[in-house]
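I have placed the structure first, in the form of structure tokens, so that the comments after it can refer back to it.
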């Protein structure tokens, strides 16, 4: 009887000892940290800033919880493991959304750039075939300067796209496209005016 | 078989172990209670609020420092938690966390103020830029500027639209960066354009003297005098030394300067006279007054320029410079002639005769007056 009682006490003490040494879910923590870092390197900070900030914040909060639990005798990491798993999952989603968003913005910028180059070519043709002679010469000079400025911006935008600076390229192309469209309309009006006279 | 004494010893040992475990647990709980959980959480939330306010852009140094304090607090917290609990000391962690909160809050306040300032600053500078662009167009757009200056000015207008787009997206810092670039470019473009005009006005004294002398002569003789002011784009008719008419005139596309040779699209400057009157059938420009370009002074200058290589051999001085009709196009288009609207040409033609003096100068008013007059010119939309 006393031996059984003694064995029970030892068993309880042993159980208490083992349970007070709960381990930090290091593998899950490393996985979540790596997943968030991957999202960052893919550009989530730039393309999905709100989502990335939320991810980073969640990870920091979990790290705080881990330290708080490590400081206890009977630390518990069950909830932490669940949260880390969620963060890893969310990071994968954010990474995917970032890639999608990047592709979307890049496609839009390239489409605008393609339009820009097309309208630029048309404008240059219209300028080259504009009524020769003295009428409109000064206006043609001003238009020629505007076309040159747009050409420079188109080249700059192409360089920015190559450097991965898509948002800046997008804005440059957008303003340049508006300008070259108005130049094209002006040239078309000049041609139409000459056509009517004939 | 254990004796009673042995059992007593075991019970005593178990009691000591249990008491020790309880003491260990109580001490550990006390240590856990001291952990800087709340302070670290507050630091993280302060950083989040600061980031939300745009501190990464508008108070980047302070925000970065606040983040570094938070990171350091976490590192030291981790380090302390690795120690045996009686040896743990979280005072440094608390201190770092509190400093992070304070700095994050300061960064947030600074960001809100700076962002508001950046909005106002970029709005004000954009208004100023728009005004300067309008001024440049008023003063210099009618001048035959070099292609490089025209291209620079076009680029300035394009970047100005980028600035407007950045502001519409509340990207005030980017707007200010673009403003810095474009304002420098506009300043240098304006300086270069102005230098062209200032250099041209170096001849003003001689122009002023020439016009004054001819007007006096007109007063004495009672005859007509035609005075052409290139910068103002006018042909003025004097009779008896008094101004009778002033008409808009158009010149060669390269009119800023004297004519040097054939084909340079420049309108000559100097003292001339009418050599022939031409109308119907004798001119394609409604009516025309042929003047005696090149005169003696023109020929001497031309020959000197050929001798010193300024003008290649084989290119003539040019001739057949006229005052004629079919003007009124709103820009300078001739090969060097002076074009008037047909109804104005009727007046000039009627009042002029062979030997009527014609004086062509860069300006009849000094630079400051010309500049102010340009600012008063209404711009076309």
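Per the listing B:155, B:169, B:174, the residue uniquely under 17 Å from residue A:175 (Cβ atoms), within 11 Å of chain A (Cβ to nearest Cβ) and surrounded by fewer than 18 Cβ atoms within 10 Å (Cβ to Cβ) is B:169.
Conditions (1) part of a helix (DSSP H, G or I); (2) farther than 22 Å from residue B:70 by Cβ; (3) within 14 Å of another protein chain (Cβ to nearest Cβ), marked per residue:
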| site | (1), (2), (3) |
| --- | --- |
| A:39 | yes, no, no |
| A:46 | yes, yes, yes |
| A:55 | yes, no, yes |
| A:59 | yes, no, yes |
| A:65 | yes, no, yes |
| A:69 | yes, no, yes |
| A:74 | no, yes, yes |
| A:81 | yes, yes, no |
| A:104 | yes, yes, no |
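For segment B:137-242, the helices (runs of 4 or more DSSP H) that sit wholly inside it and include 2 or more residues that are in contact with a helix residue (DSSP H, G or I) (Cβ under 8 Å, 6 or more places away or on another chain) are B:147-168, B:172-200.
Of the residues examined, residue B:225 is one that is farther than 25 Å from residue B:254 by Cβ and surrounded by 19 or more Cβ atoms within 10 Å (Cβ to Cβ). Exactly one residue out of B:76, B:26, B:57 is surrounded by fewer than 22 Cβ atoms within 10 Å (Cβ to Cβ), under 30 Å from residue B:116 (Cβ atoms) and within 12 Å of chain A (Cβ to nearest Cβ): that is B:57.
Take the conditions (1) free of Cβ contacts under 8 Å to residues at least 60 places away in the same chain; (2) away from chain B (no Cβ under 14 Å); residue A:139 misses just one of them, which is (2).
Across segment A:161-177, which residue is nearest to the other protein chains (Cβ to nearest Cβ) among those that are surrounded by 15 or more Cβ atoms within 10 Å (Cβ to Cβ) and over 13 Å from residue A:105 (Cα atoms)? Filtering segment A:161-177 for residues that are surrounded by 15 or more Cβ atoms within 10 Å (Cβ to Cβ) and over 13 Å from residue A:105 (Cα atoms), the one nearest to the other protein chains (Cβ to nearest Cβ) comes out as A:175.
Any residue that is touching a residue at least 60 places away in the same chain (Cβ under 8 Å), within 14 Å of chain A (Cβ to nearest Cβ) and under 30 Å from residue A:141 (Cβ atoms) - is there at least one of those in segment B:289-301?
Restricting attention to segment B:289-301, the residues satisfying the condition of being touching a residue at least 60 places away in the same chain (Cβ under 8 Å) are B:289, B:291.
Right, trim to within 14 Å of chain A (Cβ to nearest Cβ) and you get none.
For segment B:289-301, residues touching a residue at least 60 places away in the same chain (Cβ under 8 Å), within 14 Å of chain A (Cβ to nearest Cβ) and under 30 Å from residue A:141 (Cβ atoms): absent.
Just one of the numbered conditions (1) modelled with pLDDT of 95 or more; (2) surrounded by 17 or more Cβ atoms within 10 Å (Cβ to Cβ); (3) under 24 Å from the mean Cα position of the chain (by Cα) is not true of residue A:107: (2).
Table: residues versus (1) surrounded by 15 or more Cβ atoms within 10 Å (Cβ to Cβ); (2) at pLDDT below 95; (3) in contact with a helix residue (DSSP H, G or I) (Cβ under 7 Å, 6 or more places away or on another chain).
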position	(1), (2), (3)
A:15	no, yes, no
A:24	yes, yes, yes
A:38	yes, no, yes
A:58	yes, no, yes
A:64	yes, no, yes
A:78	no, yes, no
A:96	no, no, no
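Restricting segment A:150-160 to residues that are under 22 Å from residue A:184 (Cα atoms) and without any contact (Cβ under 8 Å) to a residue 12 or more places away in the chain, the residue that is surrounded by the most Cβ atoms within 10 Å (Cβ to Cβ) is A:152. Taken as a whole, the structure places residue B:328 among residues that are on the phi > 0 side of the Ramachandran plot and surrounded by fewer than 21 Cβ atoms within 10 Å (Cβ to Cβ).
Considering only segment B:243-257, state which residues are out of contact with any helix residue (DSSP H, G or I) (no Cβ under 8 Å at 6 or more places or on another chain) and part of a loop (DSSP other than H, G, I, E, B).
Of the residues in segment B:243-257, the ones out of contact with any helix residue (DSSP H, G or I) (no Cβ under 8 Å at 6 or more places or on another chain) are B:243, B:246, B:249-252, B:254-255.
If the condition is that a residue be out of contact with any helix residue (DSSP H, G or I) (no Cβ under 8 Å at 6 or more places or on another chain) and part of a loop (DSSP other than H, G, I, E, B), then B:249, B:251, B:254, B:255 are the ones that fit.
Quick one: in segment B:350-364, of everything that is part of a loop (DSSP other than H, G, I, E, B) and touching a helix residue (DSSP H, G or I) at 6+ places or on another chain (Cβ under 7 Å), which residue is surrounded by the fewest Cβ atoms within 10 Å (Cβ to Cβ)? Going through the qualifying residues, I end up with B:363.
The values are calculated or read from the model by the stated rules, or taken from the named source; none is laboratory data. These numbers come from a predicted model, not from an experiment. We place every Cβ from the backbone using ideal geometry, glycine too, and count neighbours over all the protein chains shown.
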